[in-house]
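The values are calculated or read from the model by the stated rules, or taken from the named source; none is laboratory data. Computed from a prediction, not measured in an experiment: that's the story for all the values here. Neighbour counts run over all protein chains shown; Cβ positions are idealised from the backbone, glycine included. For accessibility, only protein heavy atoms count, side chains too; no ligands or nucleic acids. Shrake-Rupley method; radii C 1.70, N 1.55, O 1.52, S 1.80 Å.
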Amino acid sequence: PQQGRELMVHARWCVAVALLFRGGDASNVVDLTASNFNGLVNASDTLWLLKFYAPWCGHCKRLAPVLEDVAAEVSSKDVKIGKVDCTVHSKLCKEWGVKGYPTVYLAHGSTSWLYDGARTKEGLKQIIKRLQEPPISLLGSIPTAAQLLPAAGDVVVLFGRDTSDSALSGSMRGAARKRQHVQRFYSADDDNALAWLSLVVNNNSADVALPFVAKVEVDQAPDVLHGEALKALDEQRLEDWVKARRFPIFSTVEQGNFPALRSDPRMLVLAVVDSKEASQAALTATLQRIAQSVELQEDFLFGMLDGPQWETYLDEVLHTELTELPRLVILTGSADARGFLLGDVNAEADELSMLAFLRKAAAGELHVELQSFWGMPDRWWHFAKRKLPQLSVFDPLPTYSFAAPLVLVAIGLVLTILFWPMPTINKPHHE
């Protein structure tokens, strides 16, 4: 028994020592500072995945072991994982436009990409692999729809290359490299390119001249820019054209694509419905027709949001209950000033009314409810109406009419306190 106890104690010590040395292993995630960042990142030919973080940030802490796992598998002379503590190197983080934590970038020399995808081991490994590939994939000589057409809800860009125009080909490669993290690009040469395009224009590409660039998605006619109009674009304007066509004309909004859709500067118009209720499908179908308008695409992205899957978001952010669906909702603003516009509850699929609502929103004629502190009055009003539905009769009144009497009362109380005459205190008389 004594020998057994000694062996057990010895085993525990061995385990403790092993764990101690394991915990002391050097991290594969490089600590980047203001002094070493330029030499390691900017001036190198290495692809870097960068995390800008704050030590107190909970999301940053949860991302840390994921980065360690990724770094352990992919770190090499060609790929590195790094982190920057923004509480120490605030100037460097400001230069990179960091406004929240964690912010994830990828960088290769002078080119950088903001990553807004899944912060999982698989997601990060996938984006690293993607950026190690050529920005444009060359298609073969035998056109097949399976090779070109993207999955439903995705978009690809097809570049029909005129082999005699090397300058445009260079601009296209540059634009594709800058957009490679979120878009896929294919190219084909000369007449073969027109054969590929004919797959998605009902075998009729006679009106398209080389060179051309086309946005391709399932069940939609391609958006094509070609000939002299394309040749007139420099790399930056070509990138802008491609960037504006990142998303399908109409998206099914899910957790995976929602952050990217919200990052677009355009407003996001949603048919919020219960997808299991056939009676609500008409609102989605009407919005899909409206989404075909090229004019409206300049101001809006369009999509469908399945209410029951987003019940918490509807309740806490949009102040909408499932019983109020279907409903048209417009999400507005950037990450710093996000807001929304609410259409009628239990909305009818009236195309003219929907168009009027969208045009007023585009013209800035509607009241936007902010998600920030400044949207507090609107949140109070929604809360009050839930408790006392009869208050809805005041909705047609000008915005914040309900708050005006309260503000006047508050101002009156402040003025009363400030200017109320102080009582005179008589000091006791001592003889």
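Within the range 81-118, how many residues are in contact with a strand residue (DSSP E or B) (Cβ under 7 Å, 6 or more places away or on another chain), of a type outside the set (A, V, I, L, M, F, W, C) and in a loop (DSSP other than H, G, I, E, B)?
Adding up the residues that qualify gives 3.
Taking only the range 241-267 into account, find how many residues are surrounded by fewer than 18 Cβ atoms within 10 Å (Cβ to Cβ), in contact (Cβ under 8 Å) with a residue 12 or more places away in the chain and among the aliphatic types (A, V, I, L, M).
Final tally of qualifying residues: 1.
If you go through the range 109-128 one residue at a time, do you hit one that is among the basic types (Lys, Arg), open to solvent by 20 Å² or more (accessible area, probe 1.4 Å), at pLDDT below 95 and over 20 Å from the mean Cα position of the chain (by Cα)?
Checking the range 109-128: not a single residue is among the basic types (Lys, Arg), open to solvent by 20 Å² or more (accessible area, probe 1.4 Å), at pLDDT below 95 and over 20 Å from the mean Cα position of the chain (by Cα).
Every residue in the range 75-100 that is closer than 20 Å to Leu124 by Cβ and either over 24 Å from the mean Cα position of the chain (by Cα) or of a type in the set (A, V, I, L, M) (or both), please.
Passing the criteria: Ser75, Ser76, Lys77, Asp78, Val79, Lys80, Ile81, Val84, Val98.
Taking the range 198-240 on its own, how many of its residues are surrounded by fewer than 17 Cβ atoms within 10 Å (Cβ to Cβ), part of a helix (DSSP H, G or I) and within 29 Å of the chain's Cα centre (by Cα)?
Final tally of qualifying residues: 3.
Quick check on the range 319-340: of everything there that is among the hydrophobic types (A, V, I, L, M, F, W, C) and free of Cβ contacts under 8 Å to residues at least 40 places away in the same chain, which residue is surrounded by the fewest Cβ atoms within 10 Å (Cβ to Cβ)?
My answer is Ala337.
Residues being of a type in the set (Ser, Thr, Tyr), under 21 Å from Thr284 (Cβ atoms) and open to solvent by less than 50 Å² (accessible area, probe 1.4 Å): count how many of those fall in the range 352-377.
Residues in the range 352-377 being of a type in the set (Ser, Thr, Tyr), under 21 Å from Thr284 (Cβ atoms) and open to solvent by less than 50 Å² (accessible area, probe 1.4 Å): 0 in total.
Matching residues to (1) more than 30 Å from the chain's Cα centre (by Cα); (2) among the hydrophobic types (A, V, I, L, M, F, W, C); (3) modelled with pLDDT under 75:
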| site | (1), (2), (3) |
| --- | --- |
| Arg359 | no, no, no |
| Ala362 | no, yes, no |
| His367 | no, no, no |
| Gln371 | no, no, no |
| Trp374 | no, yes, yes |
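Residues of the range 43-61 being open to solvent by 70 Å² or more (accessible area, probe 1.4 Å) and either assigned to a strand (DSSP E or B) or under 23 Å from Lys129 (Cβ atoms) (or both), which ones?
Matches in the range 43-61: Asp45 only.
Determine if the range 230-237 includes at least one residue that is farther than 30 Å from Arg338 by Cβ and of a type in the set (Lys, Arg).
yes
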